[in-house]
Ligand SMILES: [Fe+2]
């Protein structure tokens, strides 16, 4: 069980703060603390360019020393800087267009309370699901076929989801996927932090009308640094 989650959004299409370099792609540095007091450092995607990744980390005061790198999909704008982390364990899905052989959840080796959430499509995208006392906190990279089509049934099978962070692939007038988010909210979703594949206007719609948790920024994007705790 995960009790604390810290996130640093290091790469994203849109900046949340001054002085960071936005870039099409995603990278989130996640530090978890489980109920035994064990800390784990997970780099969720690397973005496309190691120079941007390391420059933004330096600007934010983040020391990047991941125990493992979780790749959401085998595409350059998500894992383009992977070769800069030879010592970390890499967890990435099989190449695109291969038929996904796994469904649902599989345990993420070496991280208590962490699971790989397998997508529903042949693109073989995968998310990271962290188990907390308030419900699941799910990180998604791109949702390349749209949130509902890519992860819809996998998310609904999870049960109560407390938080959803990352690439949800939603544009301003995408009522199908905005409605899906509202459906998840009706089932207990509290935190929605849209990144990467979500347009600026859609981010505002989600943050103003669906998200319930103040994580300290007007717009979610590159530079967000937030802490979440899940004690009883
Ligand atoms: Fe993407």
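Worth a mention:
- For the range 110-132, the tally of residues that are closer than 21 Å to residue 182 by Cβ and out of contact with any strand residue (DSSP E or B) (no Cβ under 9 Å at 6 or more places or on another chain) stands at 1.
- Given (1) away from the ligand (no atom under 16 Å from the Cβ); (2) modelled with pLDDT of 90 or more; (3) part of a loop (DSSP other than H, G, I, E, B), number of the condition residue 115 does not satisfy: (3)
- Selection from the range 12-35 of residues that are part of a loop (DSSP other than H, G, I, E, B) and either out of contact with any helix residue (DSSP H, G or I) (no Cβ under 9 Å at 6 or more places or on another chain) or within 16 Å of the ligand (Cβ to nearest atom) (or both): 12, 13, 14, 16, 18, 22, 23, 24, 25, 26, 35
- Count - residues of the range 133-156 that are in contact with a strand residue (DSSP E or B) (Cβ under 7 Å, 6 or more places away or on another chain) and surrounded by fewer than 17 Cβ atoms within 10 Å (Cβ to Cβ): 0
- Residue count, the range 129-150 (criterion: within 15 Å of the ligand (Cβ to nearest atom) and within 24 Å of residue 230 (Cα to Cα)): 3
- Residue satisfying condition, being within 17 Å of the chain's Cα centre (by Cα) and farther than 18 Å from residue 14 by Cα, within set 148, 157: 148
- Residue in the range 168-186 that is within 17 Å of residue 15 (Cβ to Cβ) and either surrounded by 13 or more Cβ atoms within 10 Å (Cβ to Cβ) or free of Cβ contacts under 8 Å to residues at least 40 places away in the same chain (or both) present: no
- Hits in the range 75-94 (condition: surrounded by 17 or more Cβ atoms within 10 Å (Cβ to Cβ), within 16 Å of the ligand (Cβ to nearest atom) and either in a helix (DSSP H, G or I) or modelled with pLDDT of 90 or more (or both)): 75, 77, 78, 79, 80, 81, 82
- Of all residues in the range 214-232, those that are without any contact (Cβ under 8 Å) to a residue 24 or more places away in the chain have Cβ atoms under 9 Å from Cβ atoms of residues that are in a strand (DSSP E or B) and surrounded by 15 or more Cβ atoms within 10 Å (Cβ to Cβ), 6 or more apart or on another chain, in 216/225; 216/226.
- Answer residue from the range 37-74, given it is within 16 Å of the ligand (Cβ to nearest atom) and assigned to a loop (DSSP other than H, G, I, E, B) and is surrounded by the most Cβ atoms within 10 Å (Cβ to Cβ) among those: 45
- In the set (1) buried (at least 16 other Cβ atoms within 10 Å of the Cβ); (2) touching a residue at least 24 places away in the same chain (Cβ under 8 Å); (3) more than 16 Å from the ligand (Cβ to nearest atom), the condition left unmet by residue 159 is number (1).
- Among the residues of the range 4-31, those identified as surrounded by fewer than 17 Cβ atoms within 10 Å (Cβ to Cβ) and closer than 12 Å to residue 195 by Cα are 22, 24.
The values are calculated or read from the model by the stated rules, or taken from the named source; none is laboratory data. Remember, predicted model here, so these are calculated numbers, not experimental data. For neighbour counting, all protein chains shown are included, and Cβ atoms are generated from backbone atoms with ideal geometry for every residue, glycine included.
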